[in-house]
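**Q** Encoded as structure tokens, here's the structure I'll be asking about.
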Amino acid sequence: MKFYLEDAQAVFKHFQSSENGLSGAEATKRLNDNGKNKLIEAKKISLFRRFINQMINPMIIVLIAAAIVSAITAIYTQESFADVFIILFVVLLNAILGVVQENKAEKAIEALKEMAAATSKVLRNGQILTIRSEDLVVGDIILLDAGDAVPADARIIESASLKAEEAPLTGESVPVDKETATLKLLEGKDITLGDRSNMVYMGSVIVYGRGKAIVTATGMDTEMGKIATSIAQAEEGETPLQRKLNQLGKLLTILVLIICVFIFVFSMIRVGSFDTSVMIDTFLLAVSLAVAAIPEGLVAVVTIVLSIGVTKMAKNNAVIRRLTAVETLGCTQVICSDKTGTLTQNKMTVVEYFGDDEKFLATAMALCNDAELDANNTAIGEPTEAALVNYATKLGLNKNTLKELAPRLGEAPFDSSRKMMSTVHLKDKQIIQYTKGAPDELLKCCKFMQKDGVIVPLDPQLKNEILEANKNFATKALRVLGAAYRIWKETPTDYSPEHLENELVFIGLTGLIDPVRPEVLCAINHCKSAGIKPVMITGDHKDTATAIALELEIISEHSEAITGAELDNISDEELNTTINRYSVFARVQPEHKVRIVKAWKTKGYITAMTGDGVNDAPAIKNADIGIGMGITGTDVTKNVADMVLADDNFATIVAAVKEGRRIYDNIRKTIQFLLASNLSEVIAIFVATVLGFTILHPVHILWINLITDAFPALALGMEKGEADLMERAPRDAKEGVFAKGVGTGVVYQGLTVAVLTLIAYFIGHYIESGVWEIANSEDGITMAFLTLSMAEIFHSFNLRSLRGSIFFLKSQNIYLYGSMAVSMILTAGVIYIPALANLFGFAHISFFEYLIAMSLAISVIPIVEIVKLCQRTYFRAKLPK
């Protein structure tokens, strides 16, 4: 059936539905029969394929090649296959861990999708419900408002100035007017999709007005589904941080291959023999250097740390839609926040009124209103409108009853540019129009006023009385709305604002209050201590905005507030120069928000911007961090946002900034730990090779990288934020991962651990042989292995803070203690359990040798602590007196 050629009743009949929608039972049955309202998704990669992807990593291929060479050598020399088994075991374990990590990251992303799932308003059994869009079925009646993404293909059955943007389907960006009338074929030709004015389609966006529609197609049966049959939805690409790490990995791989070739050639020349066994030993030596140098788990560990952090943020009401947001959060310098619902509780209540007749005022406010009463007589809708309906209810005026007595005939929906809406009703055989909106805009349309039950001309004196009342309300931080009416002799033929909003009779004002969220003041103080400037941007009156901002300590004096009208008189160049003088922007239009964001960015500030309405989308998109509202936000703002607040709370933004800083801090600690560890291995092996002895075998390095690198690295990623985390200035967005001493730390810490490892080897060799000559030694290898393994474990504790002393940290990292305990037990096991010791080629060292190795290992802590103390002293000395 071509639903655009059928009237609404025929469509209802086709789907066995009605204006009250489907029953719950019927909707469930149809959902089970037809499936979810979702587009086809990319086929998930199988576990086997993921395992293979892990195995084709270049460095894993090198290790497999080493295992094959070792196997051939073992067959040729009839020696043990221990090296082969250990290398293959570690390769398999690495691959399994990689698959597990991928699954963990995927589940974290799926959890975010679940939390950020789109919702739709539907009528079922005559009741308005909010359900997940994927649970829509054909025959459902959906309610559409400006800012909503259309969740399915549907035939319009009610339209109030409804307009939709259908660019994703038609390529035409100009909004299309929508109507309810049945269309007719022209000259027998079908109507193109772009001309079907009584239909809305999945993927389009409602940009104006409101309406109702009956769902005619869901999921892959929609027009969007037909286009998307072969398109798979893909996740975001790598974050800038991950790209930097991959580039680092490639650079390290090239350097290592060069060093390996050098070591191989150097060793062959030094030995002076090209015997097969010598070449194999030399090749294995080069492989061990490669294994030591490449931090194979670096990118995987960073991904896990990010995914765990993002999941934690989601549980704390900050749903991160793009991983890049986590990195940018730590750089945020300005947070531009809406007032209503974000800084305040979004529980508007009418507390004062001005006018001749309170009940008439409440009636006008309730009828010129899109909020509705639910079964419990609680208003559902936009908070301010819901407050007005609740206001009428408290005065004994039930909106449902008012609607029956005065049904709506037409309307001019609210528009942010004119700040008003009007509705026309039939009441007692009389056509009456109600208009509500911002008092200053409303008064421009009023010619009369109702006073003492009589309609009188709105002279300057009366107008001043109204403006004075408006100002008094505003200074009390009340949101003020005015109402007016007009009697028509006959039903208007034109419902445009220009036609309706003239010759109005002023009724009165209502003063509403939205209390400040109790946690916001503390959050704003945290912002200031963290070097972040909180900025309020609101459509409210300047006096109202200023009162709230003063209460929240966003500003300290009235001169820090500016209005949209004042912004219009300032050029972009002047605004770019003076933007940091202002912390409150009142009475702004959506286009002002874009100017404000661009001005902050021009100044070089990393800027976050919140928004909920469809008109906020450009500003959100222009910001470095776009933040959508999860409760009041439209689908459009959520889709363009980098982060969505599940609770619409400013304090959640600040908590997310803190979490973003913690995550990035921990990633830098992890990077420094892994690179310093790998560098220590490279230096130790390189020095030993040049001097002509073997300090560690490839399997030893593999074991160290698996046990004493990976687990502490993950544990460091779980480190709690340092005490001064929100007292530091925001990080420079251009700052590299090696900035602020990380690169220096990698070098000197890697060198320190390498020196301790070499000392352990020589002591072991001396205890075994009684001489200090350079030669191969089983005791030396065993002590070097023990020192290197445990030094890296102890060094991970150093990196709980890059600059602060670990002895003064107030929190403890139980994961790090756990990794240390496991590592100590396993390392002791491979040394002292005979079967494992034989596999690894270790000597049975004495308890005295064990204590020496452990003492050398733990000495890395005081060495690094002394360096950090010197650094702190140096930087304190550089501070201005």
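The values are calculated or read from the model by the stated rules, or taken from the named source; none is laboratory data. Predicted, not measured: the structure shown is a model, and the values here were computed from it. Here the Cβ positions follow ideal geometry from the backbone for every residue, glycine too, while neighbour counts run over all protein chains shown. Ligands, DNA and RNA are excluded from the accessible area calculation, which covers all protein heavy atoms including side chains. Shrake-Rupley method; radii C 1.70, N 1.55, O 1.52, S 1.80 Å.
**Q** Please determine, by comparing only the residues of region 6-24 that are assigned to a loop (DSSP other than H, G, I, E, B) and either open to solvent by 90 Å² or more (accessible area, probe 1.4 Å) or not polar (S, T, N, Q) (or both), which one is farthest from Ile191 (Cα to Cα).
**A** Among them, the one singled out is Asn20.
**Q** Given Ser769, Ser789, which one is touching a residue at least 60 places away in the same chain (Cβ under 8 Å) and among the hydroxyl-bearing types (Ser, Thr, Tyr)?
**A** The unique qualifying residue is Ser789.
**Q** While we're here: So which helices (runs of 4 or more DSSP H) are wholly in region 569-646 and hold at least 1 residues that are hydroxyl-bearing (Ser, Thr, Tyr) and open to solvent by 20 Å² or more (accessible area, probe 1.4 Å)?
**A** Result: 572-578, 590-602.
**Q** Give the residue that is modelled with the highest pLDDT, with candidates limited to residues of region 355-371 that are open to solvent by 50 Å² or more (accessible area, probe 1.4 Å) and not in a helix (DSSP H, G or I).
**A** Only one residue fits best here, namely Asp357.
Residues checked against (1) open to solvent by less than 30 Å² (accessible area, probe 1.4 Å); (2) in contact with a Pro (Cβ under 8 Å, 6 or more places away or on another chain):
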residue: Val454; (1), (2): no, no
residue: Glu465; (1), (2): no, no
residue: Arg486; (1), (2): no, no
residue: His499; (1), (2): no, yes
residue: Val505; (1), (2): yes, no
residue: Ile513; (1), (2): no, no
residue: Ala523; (1), (2): yes, no
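**Q** Here's a follow-up. Considering only residues that are within 34 Å of the chain's Cα centre (by Cα) and closer than 26 Å to Thr546 by Cα, which ones fall in region 341-372?
**A** If the condition is that a residue be within 34 Å of the chain's Cα centre (by Cα) and closer than 26 Å to Thr546 by Cα, then Gly341, Thr342, Leu343, Thr344, Gln345, Asn346, Lys347, Met348, Thr349 are the ones that fit.
**Q** Of everything in region 669-692, what is open to solvent by 10 Å² or more (accessible area, probe 1.4 Å) and more than 28 Å from Ile96 (Cβ to Cβ)? Give them in sequence order.
**A** Ile683, Phe686, Val687, Val690, Leu691, Gly692
**Q** Looking only at region 697-742, filter to residues that are among the β-branched types (Val, Ile, Thr) and part of a helix (DSSP H, G or I); which one of those is farthest from Tyr761 (Cα to Cα)?
**A** Looking at the filtered set, the residue picked out is Val742.
**Q** Name the single residue that is modelled with the lowest pLDDT among those in region 467-485 being over 40 Å from the mean Cα position of the chain (by Cα) and farther than 22 Å from Ser416 by Cα.
**A** Once the filter is applied, the top-ranked residue is Asn472.
**Q** Among the residues of region 778-822, write down those that are polar (S, T, N, Q) and in contact with a Phe, Trp or Tyr (Cβ under 7 Å, 6 or more places away or on another chain).
**A** Thr782, Ser796, Ser819 - these are the residues of region 778-822 that are polar (S, T, N, Q) and in contact with a Phe, Trp or Tyr (Cβ under 7 Å, 6 or more places away or on another chain).
**Q** Would a scan of region 802-810 turn up a residue that is open to solvent by less than 40 Å² (accessible area, probe 1.4 Å) and assigned to a helix (DSSP H, G or I)?
**A** Within region 802-810 (the criterion being open to solvent by less than 40 Å² (accessible area, probe 1.4 Å) and assigned to a helix (DSSP H, G or I)), the answer is yes, since at least one residue qualifies.
**Q** Also: Is it the case that some residue within region 507-518 is under 28 Å from Ala729 (Cβ atoms) and touching a residue at least 24 places away in the same chain (Cβ under 8 Å)?
**A** Yes, that holds for at least one residue.
**Q** Also, I was wondering about something else. As an exercise: evaluate Glu557 against (1) open to solvent by less than 60 Å² (accessible area, probe 1.4 Å); (2) closer than 28 Å to Pro518 by Cβ; (3) over 31 Å from the mean Cα position of the chain (by Cα) and give the number of the one condition it does not meet.
**A** Glu557 satisfies all of (1) open to solvent by less than 60 Å² (accessible area, probe 1.4 Å); (2) closer than 28 Å to Pro518 by Cβ; (3) over 31 Å from the mean Cα position of the chain (by Cα) except (1).
**Q** If I filter region 395-408 for residues that are part of a helix (DSSP H, G or I), of a type outside the set (A, V, I, L, M, F, W, C) and out of contact with any Leu (no Cβ under 9 Å at 6 or more places or on another chain), do I get at least one hit?
**A** There is at least one residue in region 395-408 that is part of a helix (DSSP H, G or I), of a type outside the set (A, V, I, L, M, F, W, C) and out of contact with any Leu (no Cβ under 9 Å at 6 or more places or on another chain).
**Q** Yes or no: region 286-308 includes at least one residue that is in contact with a Phe, Trp or Tyr (Cβ under 8 Å, 6 or more places away or on another chain) and either at pLDDT 75 or above or at positive phi (or both).
**A** The answer is no; no qualifying residue exists.
**Q** Can you tell me which residues in region 388-424 are surrounded by 15 or more Cβ atoms within 10 Å (Cβ to Cβ) and either without any contact (Cβ under 8 Å) to a residue 12 or more places away in the chain or acidic (Asp, Glu) (or both)?
**A** Glu411, Asp415, listed by residue number.
**Q** Name every residue in region 25-65 that is modelled with pLDDT under 90, of a type outside the set (Val, Ile, Thr) and in a helix (DSSP H, G or I), in order of residue number.
**A** Result: Leu47, Phe48, Arg49, Arg50, Phe51, Asn53, Gln54, Met55, Pro58, Met59, Leu63, Ala65.
Residue-by-condition table, conditions (1) closer than 25 Å to Ile625 by Cα; (2) part of a loop (DSSP other than H, G, I, E, B); (3) in contact (Cβ under 8 Å) with a residue 12 or more places away in the chain:
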{"site": "Thr303", "(1), (2), (3)": "yes, no, yes"}
{"site": "Arg322", "(1), (2), (3)": "yes, yes, yes"}
{"site": "Thr332", "(1), (2), (3)": "yes, yes, yes"}
{"site": "Val350", "(1), (2), (3)": "no, no, yes"}
{"site": "Asn377", "(1), (2), (3)": "no, yes, yes"}
{"site": "Ala386", "(1), (2), (3)": "no, no, yes"}
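**Q** I've got another one for you. Could you say whether any residue in region 850-858 is within 41 Å of the chain's Cα centre (by Cα) and under 30 Å from Gly745 (Cβ atoms)?
**A** yes
**Q** Condition check: more than 46 Å from the chain's Cα centre (by Cα) and at pLDDT below 95. Does Lys542 satisfy that?
**A** Here the answer is no, as Lys542 does not meet what is asked.
**Q** Search region 258-278 for residues that are at pLDDT 70 or above and pair each with any residue that is surrounded by 11 or more Cβ atoms within 10 Å (Cβ to Cβ) and not in a helix (DSSP H, G or I) when their beta-carbon atoms are under 8 Å apart and the residues are at least 6 apart or on different chains.
**A** Arg270/Gly692
**Q** A follow-up question, please. If you take the residues of region 860-874 that are open to solvent by 30 Å² or more (accessible area, probe 1.4 Å) and touching a residue at least 40 places away in the same chain (Cβ under 8 Å), which of them is farthest from Gly804 (Cα to Cα)?
**A** Step by step, filter region 860-874, then rank; the result is Ile863.
**Q** Select from region 427-439 the residues that are closer than 13 Å to Thr491 by Cβ and either free of Cβ contacts under 8 Å to residues at least 24 places away in the same chain or buried (at least 16 other Cβ atoms within 10 Å of the Cβ) (or both) and list them in ascending order.
**A** Lys427, Lys429, Ile431, Ile432, Gln433 - these are the residues of region 427-439 that are closer than 13 Å to Thr491 by Cβ and either free of Cβ contacts under 8 Å to residues at least 24 places away in the same chain or buried (at least 16 other Cβ atoms within 10 Å of the Cβ) (or both).
**Q** Which of (1) in a helix (DSSP H, G or I); (2) crowded, with 21+ Cβ neighbours inside 10 Å; (3) more than 49 Å from the chain's Cα centre (by Cα) is the odd one out, the single condition Ala784 does not satisfy?
**A** (3)
**Q** Something else now. Test Lys189 against the stated conditions and say whether it is surrounded by 13 or more Cβ atoms within 10 Å (Cβ to Cβ), modelled with pLDDT of 65 or more and over 28 Å from Ser17 (Cβ atoms).
**A** No; evaluated as a whole, the condition is false for this residue.
**Q** Going by the conditions given, is Ala843 at pLDDT 90 or above, in a helix (DSSP H, G or I) and touching a helix residue (DSSP H, G or I) at 6+ places or on another chain (Cβ under 9 Å)?
**A** For Ala843, the condition - at pLDDT 90 or above, in a helix (DSSP H, G or I) and touching a helix residue (DSSP H, G or I) at 6+ places or on another chain (Cβ under 9 Å) - is not met.
**Q** Let me ask you something else. Could you list, in sequence order, the residues of region 578-593 that are hydrophobic (A, V, I, L, M, F, W, C), at pLDDT below 90 and within 26 Å of the chain's Cα centre (by Cα)?
**A** Result: no residue meets the conditions.
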